[in-house]
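One structure is given here, and the rest of the page talks about it.
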Amino acid sequence: MRIRVVGWALCALSAIAFAPLSKAQGLPSAGHFGPVLEASGEFGGDNLVRVFYRNGDTQDIRAGQGVTLAAGLHYQPVAVPIDFTATVGYKFDRTADYNTDLGMNRVVLKLTGTYMLPQHFWVEAGPVWHTGVHLNGDGYIPDIDFDNAFGGMFGFGWRWFGVTYTDIHYDSWETGRVDASNVGVTFRWKF
């Protein structure tokens, strides 16, 4: 809860601090509404599973890592320097072995406010909700279903590329509390 409040506060403070810059770059005279497509690679979180391969290699499945593919909508109101975005995505992580389905999947809902800076740079913040969080053991280990989780994210970037940090934790009766916080690299198209 605290990180969400901090994230929104940072976004609001950025809007106030950089408001004179947004007038210099010119806000649209009419609001803009359009679709969003997003792909992210995220890394981090507590280690949930260590996989041992016959050739001696190992692989860790971490609570926060995975690839997220998302789509949604964004809206830039008239005379407001923040672009509001809502996306729904699917985040997954699998082992390198193609003969198994061992890995994690979840649905990610994200609401962000993006503030445009000069020279096409931007900052963003907002809450995230992970639902349907499931560790698929594929018969090697027991499956684990985690409770729905709320967290917050903060990001910055240039044009279509960005770096994000998400603070979130998963809970289940089998594992207790697991840190799924992560750092991500994002590629986003706003139409």
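Brief remarks on what is shown
- Pairwise Cα distances in the range 98-140 exceed 15 Å for 63 percent of all pairs.
- With each label modelled as a point 7 angstrom along the Cα→C-beta vector, the Phe92-Leu37 pair spans 1.8 nm.
- Among the chymotrypsin sites (Phe, Trp or Tyr not before Pro) within the range 102-140, those in coil by DSSP and having at most 13 neighbouring Cβ atoms inside 10 Å are Tyr140.
- The range 71-165 - charge dipole about Cα centre, Lys and Arg +1 at Cβ, Asp and Glu -1, debye rounded to 20: 440
- Karplus-derived 3J(HN,Hα), 6.51/-1.76/1.60, for each residue of the range 165-172, Hz, glycine and proline x: 10, 10, 9, 7, 10, 9, 10, 8
- Virtual spin-label span in nm between Val80 and Phe121, 7 Å along Cα→Cβ: 2.5
- Amide H within-cut-off set for Gly103, under 5 Å, with H built and near neighbours excluded: Asn136
- One chain, two ends: Asn105 and Phe52. Fully extended at 0.36 nm per residue, the span grows by 17.0 nm beyond their Cα-Cα distance.
- Label zone at Asp143 (point 7 Å along Cα-to-Cβ), backbone N below 15 Å, the range 74-106: 101-106
- Centre separation in Å (Cα based) which lies between the range 95-141 and the range 48-79: 5
Values quoted throughout were computed directly from the atomic coordinates according to the rules given, and no laboratory measurement underlies them. Since the structure is predicted, the reported quantities are computational estimates derived from the model, not experimental observations. Cβ atoms come from the backbone with ideal geometry, glycine included; neighbour counts cover every protein chain shown.
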